[in-house]
Structure formats: C-alpha cells, structure tokens
C-alpha cells in the first residue's frame, strides 16, 4: 500500500511540475545580411519585440516568450512574415539577395510558415508583374480574380496543419488581398489615361539642403520620382537599388525622392537620408494636409510609387517600375537611346 501511495504522490508532483512552454525559439543562418541583427515585430501593432544578433558567420539563435500570433522578422530591408505559437522551434536559412528562392524552414512550426511563404510568393509575383496584370481587359481581370480565389482556397485546403486561429486570419487576408487588387486595377485604368499628358505640378517642397524645389525647376532631363516614407519598409527596401540606378544614370536623369512623412517626422527623414547615403533631390512634401494635391492628382493610394516624366514634364509612366526591377534599366536605356537619335 505504501508503494502505491508513493507512486500516486510522485505522479501528482510530476504532473504539477509539468508546464506548457511559452517560449519560441528562432535560429538560422543568413547569407548577405543587411545589418548585424534581425528584429522581431508584432504584425498587428508594429511593436518591436526582440533583436536577434547575427554573428560573423551569419548565424543567430535566441528565444522569446510569445503568445500565438502573427509576426514579422526584419533586418531593415527584408521582411519575413511568421506565424508563431508557444513551443515553436523554427530554424531558417536564407540569402537576403534572393529571399523568395532561398528561404527555408525546418523544425517545429515549419509547415505553417512554409505555407505562408508559398502564399506570399504567389502574391508578390502578381504585384511585381503589375504592368501585365493591370493590362488585362476588365472581363479577363474578373476571370483572373476568380481563378486566384480558387487557387488560394485550394492552397489552404492542401495544408492540413493550419489551426483555426490562423485559418480565420488567412481567409480574411485573402479577401483583403483580392479586394486590394481590384481597387488597384480600376485605379490603374484611370492612371493610364495620364500617359502623354503634362504632369501635375508640385511647388516649393522643402529640400534636404534647406531650400525649396518645384517640379518646373527640373525641366531639361527625364525625371524619375520616388514617392516614399521612412515608415514604409518596401520603400526603404528600394533605396539601395535607387542609389545604384542614380550612380549609373544620374548625369542624364533627375532622381527625385518625395517623402510623404508627417510633419513631426522631418528629423527622422533627414537622419535616414544621411544614414542611407541617399542622393538626388530629397524633398519633404508635408504641407499640413492629409494628402497633397500632387498625391491626389496621381491617385497615389499606396507607396512606394514611382513616376517617370520626359524632359518637357510630360508623363511617360505614371506608375513606373521600381528601381529593383530589371525593367527599369531597360526602360531608361530605351528612352535615352531614342533621345540620342
């Protein structure tokens, strides 16, 4: 009897000591990191939660206490969307120069995060090929949207390990993304009518050097305009490619970056320009309005947005390809070669 009681007592003690872990472990190896650390953020609030130091070999490993939810992992240039739950032990390998093709997950939590990666890749491919996508006829575009909805639904069904919490978020995200594509498509139909028209003007925007710059001051060269903000991570991610483009074409094309940050972010704007080594015309658009007349005229609903004008101020591309796109150099070369003929 004593032995039985002892066994029962020991079982109770062990049971009382057993506690579900709340820790999440993230580890991995990164090639070509853009900084000495990756930072984990809460996706819903944007709150910075923890920095993960990267050693000289590109290796990182650390733990954090987290609730179930969606997060993103960022080195300031590249962002990785993650779904993390208590007990996750996720290992990542990636090359920041080719994130979509190099990112791999292993360990507990890899199935759901691999699913998220595959879905994001499909979405990114659609957005990156916007010129062809938004060039569809309205009828073909509606068919494409229906096809995409079926494709995303099938992708979710094929992944059995999506829990109910994430499933509801995922379904809402899909509807939101398809709605975004529809809004952008019909907005783009209106934007395309601007090609060949004189550009709307901006006047007396404050420049980084403390003076004022207006669009009419830039006549005589092609003008490549970047509408951005310091808080916009995709915008910041384009900066290295923008700097590279200017190094190649800066003598023939005016490069203009227009910040749409709030007025109280002016010092942050100046600091980022200095930190990133940004060149060209750095302008601050905030005029105490929710949207400037220039934004409204160009129907700018999301950033980054790039605009290309000819030397006379005529619109060549009201929604030009991004600096990181190979189409941009091809477009510049084509226009500049025509001018020389």
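The values are calculated or read from the model by the stated rules, or taken from the named source; none is laboratory data. Since the model is a prediction, treat every value here as computed from it, not as a measurement. A quick note on method: Cβ atoms are made from the backbone with ideal geometry, for glycine too, and the neighbour counts reach across all protein chains shown.
Taking segment 19-92 as the region of interest, the strands (runs of 3 or more DSSP E) fully inside it that hold 2 or more residues being touching a strand residue (DSSP E or B) at 6+ places or on another chain (Cβ under 6 Å) and in contact (Cβ under 8 Å) with a residue 24 or more places away in the chain are 23-31, 37-42, 59-65, 69-74, 79-84. So which residues in segment 95-145 are outside any helix (DSSP H, G or I) and at negative phi, if there are any at all? Correct list: 95, 103, 104, 105, 106, 108, 129, 134, 135, 136, 137. Counting only residues that are closer than 19 Å to residue 331 by Cα and over 21 Å from the mean Cα position of the chain (by Cα), segment 236-263 holds 10 of them.
Kindly indicate whether any position in segment 183-190 is loosely packed, with under 13 Cβ neighbours inside 10 Å, free of Cβ contacts under 8 Å to residues at least 60 places away in the same chain and touching a helix residue (DSSP H, G or I) at 6+ places or on another chain (Cβ under 6 Å). No, that holds for no residue.
Of note, residue 320 does not satisfy the criterion of being assigned by TED's automatic domain parsing to the domain that holds residue 217 and more than 21 Å from the chain's Cα centre (by Cα).
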